[in-house]
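To start, the structure under review is shown below, and the notes come after it.
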Amino acid sequence: MKKEVYKTMPNSDQAVEESIPLAEFFEEREFDRRLGRKTVKVAIKPMTEEQARQAYPYRPESKYSESYFGGDTYEDDTCLLLNGSATRCKMCQAPTKNNCLIEDVCPDCDGRSEYNGTDPHDPDPR
């Protein structure tokens, strides 16, 4: 007896997550270290907030902050942006504290996170 397999379509209230090709937004660059060379991914093209969420899955799912370099439970992203303590990264649009920005680019986009040991492209970097 043959079993029939039916493919079901998602309901209208179920979200269908589409994969966005992210390779066009990044290039690999090498940096010299004391212990040798290290290759990191660097953002070379601005992306939307949805694309940044897919590119950096390790970022918190929080109503207070879009990245680890933005707000927290005491000062959320909106507060930091309003009082001038943060600026949106020009590559990923995430609110980032001004002391973490270099040339208006956050540590995830310019490779500093990965260089320092945290892979921002890994959903569970620990």
Problem set entry | region 68-106, subset out of contact with any helix residue (DSSP H, G or I) (no Cβ under 7 Å at 6 or more places or on another chain), within 25 Å of GLU24 (Cβ to Cβ) and among the hydroxyl-bearing types (Ser, Thr, Tyr), residue surrounded by the most Cβ atoms within 10 Å (Cβ to Cβ) | THR96
Exercise. Among the residues of region 32-42, is any more than 15 Å from the chain's Cα centre (by Cα), on the phi > 0 side of the Ramachandran plot and outside any loop (DSSP other than H, G, I, E, B)?
Worked result: yes
Problem set entry | Inter-residue pairs, beta-carbon under 7 Å, first of a type in the set (Val, Ile, Thr) and in region 95-115, second crowded, with 19+ Cβ neighbours inside 10 Å and in a strand (DSSP E or B), 6+ apart | THR96/ALA86
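Per-residue answers, yes or no, for (1) loosely packed, with under 10 Cβ neighbours inside 10 Å; (2) at pLDDT 50 or above:
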site: LYS3; (1), (2): yes, no
site: THR8; (1), (2): yes, no
site: LEU22; (1), (2): no, yes
site: ASP32; (1), (2): yes, yes
site: GLY36; (1), (2): yes, yes
site: VAL40; (1), (2): no, yes
site: ILE44; (1), (2): no, yes
For this session: State all residues of region 47-67 that are of a type in the set (Lys, Arg) and under 23 Å from PHE26 (Cα atoms); if no residue qualifies, say none.
Result: ARG53, ARG59
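The values are calculated or read from the model by the stated rules, or taken from the named source; none is laboratory data. All figures in this text were calculated on a predicted structure; none of them were measured in a lab. Cβ sites come from the backbone with ideal geometry, for glycine too, and all protein chains shown count toward neighbours.
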